[in-house]
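Bear in mind these aren't lab numbers, they're just calculated from the coordinates by the rules spelled out. The shown structure was predicted, so the numbers you read here are calculated from the model rather than taken from an experiment. FYI the Cβ positions are ideal-geometry reconstructions off the backbone, even for glycines, and counts take in every protein chain you see.
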Amino acid sequence: DAEEGFCVVSVLRAADAMADVVSAAAPSAPVGKILIQRDEATAQPRLIYSKLPGDVSRRRVLLVDPMLATGGTAAAAIQVLREAGVPAQAVILVSLVATPDGINAVLAAHPQVRMLLGEVDRGLNGAKYIVPGLGDFGDRYYGTVPGPAAS
């Protein structure tokens, strides 16, 4: 069975759209969740929550996160997996848009992790957002993009 031996772990909330696609294709594959929030002032990641399959250490893990900007969130999520016993070589990070900085940061922290990237954009702006990027993926996907104030 092609689904045997792997699971998908999403970095909440933006990556849930990606995890849903994997789950539709492989419905018996377990799903884990990691919530890491980026501190907007420092751009540093902060772990809020994680719930992983009980046998995650024996599985290959598709870690899905649509945007790989600074690499801090992805590296922190990989560290959560490593602390749960997942070998680095068993992790495949799947991102839609990445930057050279993000790629380098993940590989510096976890050199054995493999990555599957849709696009590598130019880099980061002063606020540490991807340029040209596409904005906040989660807000765009879930329709929570801030709009004009109600009058």
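How much of the calculated P(r) for segment 1-137 lies past 27 Å, in percent of all Cα pairs? Of all Cα-Cα distances in segment 1-137, 14 percent exceed 27 Å.
Given axes a ≥ b ≥ c from the Cα gyration tensor, I'd like to know whether segment 9-90 is rounded (a/c under 1.5), prolate (a/b larger than b/c) or oblate. Because a/c hits 1.5 or more and a/b fails to exceed b/c, segment 9-90 counts as oblate. A straight chain from residue 122 to residue 104 at 0.36 nm per residue would run longer than the Cα-Cα distance by 5.1 nm.
Placing +1 on the Cβ of every Lys and Arg and -1 on the Cβ of every Asp and Glu, with nothing else charged, gives segment 1-122 a dipole about its Cα centre of roughly 260 debye.
On the basis of the beta-carbon distance and an R0 of 22 Å, residue 6 and residue 46 show a calculated FRET efficiency of 0.20. For segment 3-42, taking Cα atoms only, Rg and Dmax work out to 12.3, 42 Å respectively.
Each residue of segment 48-89 gets 82 Å³ once the volume of the Cα convex hull is shared out per residue.
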